[in-house]
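Here is the structure we will look at.
The values are calculated or read from the model by the stated rules, or taken from the named source; none is laboratory data. All of these numbers come straight from a predicted model, not from anything done at the bench. No Cβ is skipped: glycine too gets one built from the backbone with ideal geometry, and neighbour counts run over all protein chains shown.
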Amino acid sequence: MILDVIGPIIIGPSSSHTAGMVRLGRAFRCLFSEIPANRKALRKVEFRLNKSLFSSHKGHGTDRALVGGVIGYFEWQEEIRSSLEIARSLGIDIAFYSDSFEGRHPNTVMISGSSDTETHYLIGASTGGACIEITEIDGAPMNISGIYPTLIIKNLDTPGALSKIVEAISTKGMNISNLFLVRTNRLKNEATCIIELDNVPGNELLSFINRLDPVLYVAYLPIIANLSG
């Protein structure tokens with residue numbers, strides 16, 4: 001396919017330093033339940049960039065790309081060029097820092113932030129060709145690329161919890177592509193379930209899962225990237 005050769009349509013000089021970063025920012029945005037309906041819900045966002053990435057983040061437009069994604073723009077939208085100014089107009093406090101992520105991809109970034117009711121963080125990398133790899137969300141290690149509709153579910157680590165979640169998905173005719181379960185807090189008896197789906201879930205399913213007894217939190221990450229990058 002032509003897209004496999006020339007890459008995706010993007011704003012910015014680099015598919016790894018800009019387009020992939022937009023996608024990471026957009027994935028982080030999806031962790032907040034109220035933000036898709038209200039861009040002003042975010043109050044503060046911090047970006048910690050791996051040292052080599054931080055050294056060139058302004059020249060390559062990485063800062064504008066990350067902020068543009070957090071606001072909700074796609075990698076081809078012109079508004080990315082003005083994302084820092086748009087964030088300020090929305091009242092979002094933005095900060096960038098240099099950090100060291102030993103043993104991780106050079107283009108690794110940690111995004112953390114809060115609204116009035118939620119606080120989340122995400123660690124991921126832009127691996128080239130606008131492809132991304134998310135390796136941690138809110139203390140749960142994972143390896144997701146954004147090519148599947150993905151559910152991030154925090155639940156009580158009790159007998160039958162996983163079966164209730166899986167049953168809810170199957171009764172709606174959804175097929176699970178990949179499933180990972182990680183115990184994230186032994187003292188609080190909490191776990192995180194990462195479910196990649198073959199189908200796009202509807203709001204009815206998301207609401208139903210959120211009402212299940214063992215479920216504490218549900219985030220839905222729509223397809224962030226396609227197989228061609």
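Summary of values
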item	result
Filtered residues of the stretch 163-214 (kept if on the phi > 0 side of the Ramachandran plot and surrounded by 11 or more Cβ atoms within 10 Å (Cβ to Cβ))	Asn189
Within the stretch 75-101, tally of residues that are of a type in the set (Phe, Trp, Tyr) and touching a residue at least 60 places away in the same chain (Cβ under 8 Å)	1
Condition met for Ile144 (closer than 22 Å to Asn199 by Cα, buried (at least 17 other Cβ atoms within 10 Å of the Cβ) and under 13 Å from the mean Cα position of the chain (by Cα))	yes
Some residue of the stretch 156-171 being of a type in the set (A, V, I, L, M) and part of a loop (DSSP other than H, G, I, E, B)	no
Residue that is aliphatic (A, V, I, L, M) and at pLDDT 90 or above, where the choices are Val5, Val45	Val45
Evaluation of Thr18 against (1) at pLDDT 85 or above; (2) over 20 Å from Asp93 (Cβ atoms); (3) of a type in the set (Ser, Thr, Tyr) (one fails), failing number	(1)
Matching option when the condition is in contact with a strand residue (DSSP E or B) (Cβ under 6 Å, 6 or more places away or on another chain) and of a type in the set (Ser, Thr, Tyr), among Thr192, Thr158	Thr192
Test for Phe101: is it in contact with a strand residue (DSSP E or B) (Cβ under 8 Å, 6 or more places away or on another chain), aromatic (Phe, Trp, Tyr) and at pLDDT below 95	yes
Ile111 vs. criteria assigned by TED's automatic domain parsing to the domain that holds Ala19 and under 20 Å from Ile223 (Cβ atoms)	yes
Some residue of the stretch 205-215 being assigned to a strand (DSSP E or B) and either among the basic types (Lys, Arg) or touching a Cys at 6+ places or on another chain (Cβ under 7 Å) (or both)	no
Some residue of the stretch 34-41 being out of contact with any Lys or Arg (no Cβ under 8 Å at 6 or more places or on another chain), under 19 Å from Ser114 (Cα atoms) and either at pLDDT 90 or above or in a strand (DSSP E or B) (or both)	no
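Each row is one residue, and each column tells you yes or no for (1) closer than 26 Å to Glu75 by Cβ; (2) among the β-branched types (Val, Ile, Thr); (3) at pLDDT 95 or above.
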{"residue": "Asn185", "(1), (2), (3)": "no, no, no"}
{"residue": "Glu190", "(1), (2), (3)": "no, no, yes"}
{"residue": "Ile194", "(1), (2), (3)": "yes, yes, yes"}
{"residue": "Leu197", "(1), (2), (3)": "yes, no, yes"}
{"residue": "Asn203", "(1), (2), (3)": "yes, no, no"}
{"residue": "Ser207", "(1), (2), (3)": "no, no, no"}
{"residue": "Val215", "(1), (2), (3)": "no, yes, yes"}
{"residue": "Ala225", "(1), (2), (3)": "yes, no, no"}
